[in-house]
Amino acid sequence: MNTRDLVLVALFAAIVVVLGLIPPITLGFIPVPITAQSMGVMLAGCIIGAKRGALAFLLFVLLVAIGLPALSGGRGGLAVFAGPSGGFILGWAVAAFVTGLIAERFVHPGNSEGRQFVGFFLASVIGGIVVLYAIGVPWLATVTGTPLIAAATGSLVFIPGDLLKAAIATLAARAVYAGYPLLPARV
Amino acid sequence: MLTSLYVEGGSWFHRVAVRAKLIALLVLSLGLFVTNSPLLLLPAFLLCGGLYLSLGLTPRQALSRVGFVVFTILVLAAVNLFLIPVPEVVALVLRLMALVLFAAAVTATATIGAFMDEVTILLKPLERLGLLRAADVSLALGLVLRFVPDIFARYEAISEAHRARGLPIRPLTIIGPLIILTLKDADTIAAAIDARGFRRQ
């Protein structure tokens with residue numbers, strides 16, 4: 001890994017910390033407020049690619065683990081890993097990696113704008129929602145003893161909010177891709 | 001802006017080595033999942049809670065640090081009451097609470113430096129395999145701490161620019177410029193690191 005990659009990874013981890021400091025937005029039709037930080041996984045994969053995106057999240061999770069309040073709302077420390085949503089936090093790096101893989105495969109500079117939007121949205125939905133829940137929900141079911149089916153059904157409440165996040169991440173990622181492309185191409 | 005969750009203090013738990021505390025946390029998290037008996041889980045919960053409260057945090061600070069996780073545990077417990085037998089729910093809540101409180105106690109009594117020493121040791125095997133360099137991890141960590149205030153200042157400048165133009169402050173119009181402006185610095189920062197020979201390449 002060259003120094004530029006190392007710096008990109010560190011800067012993106014720092015961006016994710018700052019996204020946690022931005023006040024969350026509330027929308028009328030969704031019960032939970034949307035924090036900008038929760039879009040970080042999708043943004044990381046779509047903007048700096050699979051490998052660097054995953055490393056940025058490993059670094060971010062390390063920051064949380066060693067006791068920095070880097071999560072939105074000033075949360076942090078080992079307690080969040082011991083809690084019910086620990087699996088989601090540990091799943092971020094994998095989710096960012098898968099998001100990046102799909103974005104690298106489907107988004108190329110020569111594509112039409114519409115195709116790039118579709119590529120980023122697919123990557124965000126599969127990596128940032130499907131993969132993340134596939135890790136986080138079974139973990140939650142194991143730790144809290146909630147039956148898996150009930151835990152999975154309960155998580156459906158968050159899906160509309162997550163799709164909205166994927167849409168915002170898609171627009172932002174495409175804006176960055178047009179202005180300062182960093183996503184490696186993969187055939 | 002990003003101050004550590006460590007609290008100054010001289011309790012006996014502060015003096016225990018970080019490695020011992022991390023191993024204890026690991027043993028506890030595996031051990032508590034083996035038993036379902038409230039006779040073991042209740043004392044574990046009370047001991048962990050007592051330990052956490054004896055570290056010199058004010059009750060308010062103590063609550064704000066674990067409040068969110070405790071809230072999630074209680075919500076899920078309320079859901080569980082409809083799905084699984086009550087004694088099991090009680091065991092699950094006691095176990096998770098004990099773990100969360102012990103983990104919070106470890107975080108409150110270990111400095112970032114002490115944690116990083118342990119992380120460096122854990123990374124040694126990976127370093128031997130040539131997968132990464134422990135020094136790079138420390139460097140990246142330092143860069144994050146160095147640039148968070150800068151990036152936050154940039155966020156405020158962009159919101160300010162929105163306000164000056166009478167535009168609503170939306171994440172969509174802020175994230176794009178924030179990321180481009182930040183990542184554009186990568187080349188300069190990388191050149192500065194290499195010029196100083198920090199990575200000995």
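Does the range B:107-125 hold any residues that are surrounded by fewer than 18 Cβ atoms within 10 Å (Cβ to Cβ) and outside any helix (DSSP H, G or I), and which are they?
Correct list: B:Thr111 only.
Select from the range A:165-186 the residues that are crowded, with 17+ Cβ neighbours inside 10 Å, under 21 Å from A:Ala54 (Cβ atoms) and among the small types (Gly, Ala, Ser) and write down the one among them that is farthest from the other protein chains (Cβ to nearest Cβ).
Here the answer is A:Ala166.
All but one of (1) surrounded by fewer than 20 Cβ atoms within 10 Å (Cβ to Cβ); (2) in a helix (DSSP H, G or I); (3) within 18 Å of the chain's Cα centre (by Cα) hold for B:Leu57, so report the exception by its number.
Exception for B:Leu57: condition (2).
Out of all the residues in the range A:133-142, which are more than 8 Å from every other protein chain (Cβ to nearest Cβ) and touching a Ser or Thr at 6+ places or on another chain (Cβ under 8 Å)?
A:Tyr133, A:Gly136, A:Val137
Every residue in the range B:184-201 that is of a type in the set (Val, Ile, Thr) and more than 7 Å from chain A (Cβ to nearest Cβ), please.
Answer for the range B:184-201, where residues must be of a type in the set (Val, Ile, Thr) and more than 7 Å from chain A (Cβ to nearest Cβ): just B:Thr188.
Hey, can you tell me all the residues within the range B:126-153 that are part of a helix (DSSP H, G or I), charged (D, E, K, R) and touching a Lys or Arg at 6+ places or on another chain (Cβ under 9 Å)?
B:Glu127, B:Asp136
Results for (1) within 21 Å of B:Ile179 (Cβ to Cβ); (2) of a type in the set (Lys, Arg); (3) more than 11 Å from chain B (Cβ to nearest Cβ), shown as yes or no for each residue.
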site: A:Pro33; (1), (2), (3): no, no, yes
site: A:Ile47; (1), (2), (3): yes, no, no
site: A:Gly76; (1), (2), (3): no, no, no
site: A:Val94; (1), (2), (3): no, no, yes
site: A:Phe97; (1), (2), (3): yes, no, yes
site: A:Arg105; (1), (2), (3): no, yes, yes
site: A:Ser112; (1), (2), (3): no, no, yes
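Restricting to helices (runs of 4 or more DSSP H) lying wholly in the range A:58-163: which have 1 or more residues that are at pLDDT 90 or above and surrounded by fewer than 19 Cβ atoms within 10 Å (Cβ to Cβ)?
Numbers: elements: A:79-82, A:86-106, A:113-125, A:132-144, A:148-155.
Counting at least 1 such residues, we get A:86-106, A:113-125, A:132-144, A:148-155.
Which one is surrounded by the fewest Cβ atoms within 10 Å (Cβ to Cβ) among residues in the range B:168-177 that are at pLDDT 90 or above and at the interface with another protein chain (Cβ under 7 Å from one of its Cβ atoms)?
So, considering only residues that are at pLDDT 90 or above and at the interface with another protein chain (Cβ under 7 Å from one of its Cβ atoms), the one surrounded by the fewest Cβ atoms within 10 Å (Cβ to Cβ) is B:Gly176.
Among the hydrophobic types (A, V, I, L, M, F, W, C) and free of Cβ contacts under 8 Å to residues at least 60 places away in the same chain: which single residue out of B:Val18, B:Val70, B:Val106 fits that description? First the steps, then the outcome.
Working: B:Val18 fails: free of Cβ contacts under 8 Å to residues at least 60 places away in the same chain; B:Val106 fails: free of Cβ contacts under 8 Å to residues at least 60 places away in the same chain.
After ruling out the rest, the residue left standing is B:Val70.
Test A:Ser85 against the criterion of being of a type in the set (S, T, N, Q) and more than 9 Å from chain B (Cβ to nearest Cβ), and give yes or no.
Criteria not met by A:Ser85.
Filter the range A:24-37 down to residues that are within 21 Å of A:Leu63 (Cβ to Cβ) and surrounded by fewer than 24 Cβ atoms within 10 Å (Cβ to Cβ) and give me whichever is modelled with the highest pLDDT. Break it down stepwise before answering.
Initially, the range A:24-37 is screened for residues within 21 Å of A:Leu63 (Cβ to Cβ), giving A:24, A:35-37.
Retained after the next criterion (residues that are surrounded by fewer than 24 Cβ atoms within 10 Å (Cβ to Cβ)): A:24, A:35, A:37.
On the way: A:Pro24: 79, A:Thr35: 81, A:Gln37: 90.
Taking the candidates together, the pick is A:Gln37.
Just the residues that are over 21 Å from the mean Cα position of the chain (by Cα), surrounded by 13 or more Cβ atoms within 10 Å (Cβ to Cβ) and away from chain A (no Cβ under 14 Å), please, taken from the range B:39-54.
Scanning the range B:39-54 gives B:Leu40, B:Leu42, B:Leu46, B:Leu47.
Per-residue answers, yes or no, for (1) closer than 21 Å to A:Arg186 by Cβ; (2) among the charged types (D, E, K, R); (3) touching a residue at least 12 places away in the same chain (Cβ under 8 Å):
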site: A:Asp5; (1), (2), (3): yes, yes, yes
site: A:Val41; (1), (2), (3): yes, no, yes
site: A:Arg52; (1), (2), (3): yes, yes, yes
site: A:Phe60; (1), (2), (3): no, no, yes
site: A:Pro84; (1), (2), (3): no, no, yes
site: A:Val94; (1), (2), (3): yes, no, yes
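Given the options A:Gly154, A:Gly145, name the one that is within 14 Å of chain B (Cβ to nearest Cβ) and on the phi > 0 side of the Ramachandran plot.
Criteria check complete, one pass: A:Gly145.
The values are calculated or read from the model by the stated rules, or taken from the named source; none is laboratory data. Because the structure is predicted, anything quoted here is derived from the model rather than measured. Counting neighbours? That spans all protein chains shown, and the Cβs are built from the backbone with ideal geometry, glycine included.
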